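All of the numbers you see were taken from the coordinates with simple rules; none came from a lab. Because the structure is predicted, anything quoted here is derived from the model rather than measured. With ideal geometry, Cβ positions are generated from the backbone for all residues, glycine too; neighbour counts draw on all protein chains shown.
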Amino acid sequence: MRIVKLKQDRLNSFLEAVSTDSELWGPVKKGADKHRFKIVDNPAEFDLDYTRTILPPKKIFLPPRFNMFKAMPTAYEEETMDPTKKILFGVHPCDIHGILIMDQFYTQTYNDPYYIRSRENTIILGHSCWPDEHCLCHSTGTDVANEGYDLFFTALNDEYLVWIGSSKGDDLVRIVPELFNEDLSDRDIQNYIRWREDRSKAFKAEINFKAMPDFMELKYRDAVWENLSHACLACGSCSNVCPTCTCYNVNDKPRLSENASDIARCWDACTLESYSEVAGGENFRESRSERLKLYYTHKLQAFISKYGKPACVGCGRCAATCPVGINVKTVAGALDGEEVDAFWSRYATEVTK
Amino acid sequence: MNGTEKIINQVNPYKPEPARIVRAYDLTDDVRFFQVRFADMDLALSFKYEAGQFAMISVLGAGEAPFSISSTPSRPGLLEFCIRKTGVVTDAIFRLKENDFIGVRGPYGTGFPIEMMKGRDILFVMGGLGAAPLRSVLLYCLDDRDHFGRISVLHGAKRPAEMIFRDEFLHLKKRSDLDCYLSVDKDDTGEWTENTGVVTTLFPKVKTIVPENTAAVVCGPPIMYKFVINELIKLNIPKDQILMTLERRMKCGVGKCGHCAIDYIYTCIDGPVFTYWDVLHMRELI
Amino acid sequence: MNNGKPKIGIYELTGCAGDALLIVDCEMELLDIFTAADIQSFAMAKSDNIDGELDVALVEGSVTTEKEISELKDIRERAKIVVAFGNCAAHGGIQARFDDKEWQENLKKVYGNQKFTHTKPVRSKPIDEFVKVDFYLPGCPVSKEQFLHFLTRMLKGNPPEHYPTPVCVTCKYNENDCLLNNGKLCLGPLTADGCGSVCPNHNIPCFGCWGPVENANAIAELHLLKEKGFSVEEIKKRMANFAGTKLADAIKQL
């Protein structure tokens, strides 16, 4: 792979130069200490000192709500699928892996044209990161991205090492070649290796993901599921913030003034009660524990047996989001027999008392 | 089209194709039969599907839902569905009349494993609306009669008026190349000349079964499965030769929306046809 | 003559009339609504109101007098479909937050020994305490989007699909940071969705004004809030505010 160098103070010039005909998206501060991917006019609005955004990049390819068709009595008109060219800057390795999983999911057996069209028009510019207490990507093997990006920026001192991951990425560099330096010194390489090692050591959270399919199988009827379900607020947030959750719902929204409907699609979550309800009102998963089992079967077992990797990229969003502490880390920990520090665990003790 | 097979919605699998309701009539109080034809004649003639597959039907203003196809692929041109009135979408379908339009997309899911069934004796066991998907594969077998061994059909309903395709099955009884046994739980007409009792009371009537050479095809209400499977196991029919079809909520039919997931099986693309052995391994169903 | 258009009546019991006002506020859609529906009765918007047979009755407000009980029963008899329109009708509203004893005390405090001649006051209750309700459209006031979706579906003969979700779903769509995690007394997980998470969008915790979402896990949230340092009294008060009689049993258990 071709690797070039860019002075960090030239980054914004680069982003401005390459985004003249595209929307420029990247991490922007939200509130005091949170972030979200947002479209900006000026790359100076980006805050690259971030760990994770509230929502993963999936929102850019498939927004939480959009219309798929205009349905009419004898015709179905495809709503214009978002063909806007986008540059998505500042994507961390875990999210790049999330995008790779979505790429696979939305093109297997049947294509999802809404995802594909939007994805094809998006350039991914990755960015290095430093783990916090929730980051699990070291355990999921997603702490480094070797594919799935057009360019990847690793910040070292006052420079970036820029990995060129695709022909499109190479084209971007060629727009303003004068900003880049082709010569990598031994010192640069040393710096990078040392940075990798230091970063590896900085991970605080670990999960034994390899054992999870077995745990899910052997502990399918374990009391842990009931314990989790007592506290679960069934708010659906764990799914909404997960980079690999893809479930959705569809609604026919008739228009008042004409004989036509908007066929609207929105994100759905298997932890919501109505998710498993069928026509006539019967519900296949009335209890919260059954719904949590489905969620974690998908994350920790099913995907692994189908694709050899968990449907978890270790981004830590569930850990940062669930108000009662139900997340990949505490669930996997509990399955592994650990004492878990989470509200759900304390509450379960209280309930059983 | 270049004379090649037109794959429905190759570009956008979510996009329905307009189809006209050609015939619609009541099968029972709450089940209606619909015969539909794609408005696009090329598509109507080239639409290929397998017995046991399903389609998504949409009604403008109401929404979309999955329905198993009741017609046989051996008779192309028209698609047939029997639909029970159970919710918003089906209520809307029931309000439609002949010549009205619906949206249809598909076919989706796995069909019955015809290649495995060929050469074997086939034992159909159906109850209630279970006849809807099984009619497709039964008619398919009859249209290709030479490729199958002895065909036996056990069809049960609560009352004579609730037997789906009652006349069609009474007619089948006259054929010499299959054994068709009908039963109702209760005869409230006084005119029922067939068996009375739950569908399992028909099992003793079935002629000799060579278990390893038999494929059982089962569909009916959840309560029926338990008892029917028991009988089939007693007959020593191998678990992976007992075929069943499952139903779930679905929003896409193509393995994306997630609603039909059971464990890590997607009913829409991994099913809806499963063997009993498959089903035994679905933890959520045990 | 109504040319086969669905006949609709909009009625107001005890409440602020904010839900009826919301309909009037649908300025861009009003002509379409009046074109598609035969509005038989709508006291806020028109004068020639008829009390006849109805396809759909939207009933706003809670029941607080005996007269309203008979009015409501009359509406039920005339209407094929009765909709609890707005939080007061669906859950009783803020005025339903008192139990019998508190209500008696308050009544005395305000009216003293005054005699009631016109009608007798009763403790505020949601309309489903008196008649069968076919659909609930909560909100304070109901949202324009939910109302128009509901109305359009009904006018075209298809009730909306039942899919209750809590405020958190939209709140996450809007990429808000969870206020519970920030130590705020937020009722999002317990509250029916529909407002567009308007309060959390502005960093204000959810007050629960849509009323409780079906099968809300109120007990777990109460414990969670307790752990975060809120007093049981404070939490109960917040929960009771808009949940009317609907969370009363759950709240008593707490």
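Rounded to the nearest whole angstrom, the semi-axes of the ellipsoid equivalent to the protein assembly as shown, taken from the Cα gyration tensor as √(5λ), stand at 46, 41, 28, largest first. Distances between placed amide hydrogens fall under 5 Å for C:Ile39 paired with C:Ile8, all partners being 5 or more residues away or on another chain. The angle between the Cα long axis of helix C:218-227 and the longest principal axis of the Cα atoms of chain C comes to about 30 degrees, rounded to the nearest 10.
Residues of the range C:201-244 falling in the label zone of C:His162, defined by backbone nitrogen less than 16 Å from a point 7 Å along Cα to beta-carbon, are C:213-216. Measuring nothing but alpha carbons in chain B and taking Rh as the Kirkwood radius, the Rg to Rh ratio lands at 0.95.
B:Lys158 sits among other residues whose Cβ lies under 10 Å from its own Cβ, and their net charge, with Lys and Arg +1 and Asp and Glu -1, is -1. Separation of the range B:240-286 and the range A:316-348, taken as the distance between their Cα centroids, equals 30 angstrom. Across chain C, C-alpha contacts under 8 Å between residues 6 or more apart give a mean separation that, scaled by the residue count, equals a relative contact order of 18 percent.
Computed from point charges on the beta carbon alone (+1 for Lys and Arg, -1 for Asp and Glu), the dipole magnitude for the protein assembly as shown about its Cα centre is near 1160 Debye. Direction-averaged projected area, Cα convex hull, the range B:114-240: 7.2 nm², rounded to one decimal. The trypsin sites (Lys or Arg not before Pro) of the range C:1-72 meeting both criteria, a DSSP state outside H, G, I, E and B (loop) and at most 13 other C-beta atoms within 10 angstrom of the site's C-beta, are C:Lys46. Springs join every pair of Cα atoms under 10 Å in this Gaussian network model of chain A, and among A:Lys253, A:Lys204, A:Lys85 the largest mean-square fluctuation is at A:Lys253.
3J(HN,Hα) along the range A:321-334, derived from phi through the Karplus expression 6.51 cos²θ - 1.76 cosθ + 1.60 where θ = phi - 60°, amounts to 10, 5, x, 9, x, 8, 7, 3, 5, 6, 5, 4, x, 5 Hz, with x in place of Gly and Pro.
Dividing the radius of gyration of the alpha carbons in chain C by their Kirkwood radius gives 0.99 for Rg/Rh.
With springs only between Cα atoms under 10 Å apart, run a GNM on chain A and tell me which of A:Lys58, A:Lys293, A:Lys30 wobbles the most. Between A:Lys58, A:Lys293, A:Lys30, it is A:Lys30 that shows the largest mean-square fluctuation.
Distance between the C-alpha centres of the range A:267-296 and the range A:225-261: 10 Å, rounded to the whole angstrom.
Each label was represented as a point 7 Å from its Cα along the Cα-to-Cβ direction; for A:Leu218 and B:Asp30 these points are 4.6 nm apart. Pick from C:Thr117, C:Thr152, C:Thr65: which residue has the top mean-square fluctuation in a GNM of chain C where Cα pairs under 10 Å get a spring? Looking only at C:Thr117, C:Thr152, C:Thr65, the biggest GNM fluctuation is shown by C:Thr117. Within the range C:20-63, the GluC sites (Glu not before Pro) that combine a DSSP coil assignment with at most 15 other C-beta atoms in a 10 angstrom radius are C:Glu53. Across the range A:1-140, the mean sequence separation of Cα contacts (distance under 8 Å, 6 or more residues apart), normalised by length, yields a relative contact order of 23 percent. Here is the P(r) of the range B:17-108: all C-alpha pair distances, binned every 5 Å from 0, give 3, 15, 28, 29, 17, 7, 1, 0 in whole percents.
With both residues required to sit in the protein assembly as shown, DSSP beta bridges show an antiparallel share near 60%.
Placing dummy labels 7 Å off each Cα toward the beta-carbon, the span from A:Asp183 to B:Asn236 is 8.5 nm.
Only one residue of A:Val351, A:Ile116, A:Ile96 has its Cα farthest out toward the positive end of the dipole of chain A, where Lys and Arg carry +1 and Asp and Glu -1 on Cβ, and that residue is A:Val351.
Under a Cβ-Cβ cut-off of 12 Å, what is the net charge of the residues other than A:Asp170 that fall near it, where Lys and Arg count +1 and Asp and Glu count -1? Every neighbour counted, the sum reads +1. Every Cα-Cα pair of the range A:128-267 was included, and the share exceeding 26 Å stands at 55 percent.
For the range C:7-155, the direction-averaged projected area of the alpha-carbon convex hull comes to 8.9 nm². Taking GluC sites (Glu not before Pro) across the range B:30-136, the ones in a DSSP loop with at most 16 further Cβ atoms lying within 10 angstrom of their Cβ are B:Glu98.
Here r is the Cβ-Cβ distance between B:Asp91 and A:Ser167 and R0 is 45 Å; the resulting FRET efficiency, rounded to 0.05, is 0.25.
Using the number of other C-beta atoms within 10 angstrom as an exposure proxy, rank B:Leu154, C:Leu31 with the fewest first. With the fewest neighbours first, B:Leu154, C:Leu31 line up as C:Leu31, B:Leu154. Pairs spanning more than 20 Å between alpha-carbon atoms, out of A:Lys306/B:Lys118; A:Lys253/C:Lys132; A:Lys306/B:Lys256: A:Lys306/B:Lys118; A:Lys253/C:Lys132. Using Cα pairs closer than 8 Å and at least 6 residues apart in sequence, work out the relative contact order for the range A:67-119, in percent. About 35 percent, as a whole number.
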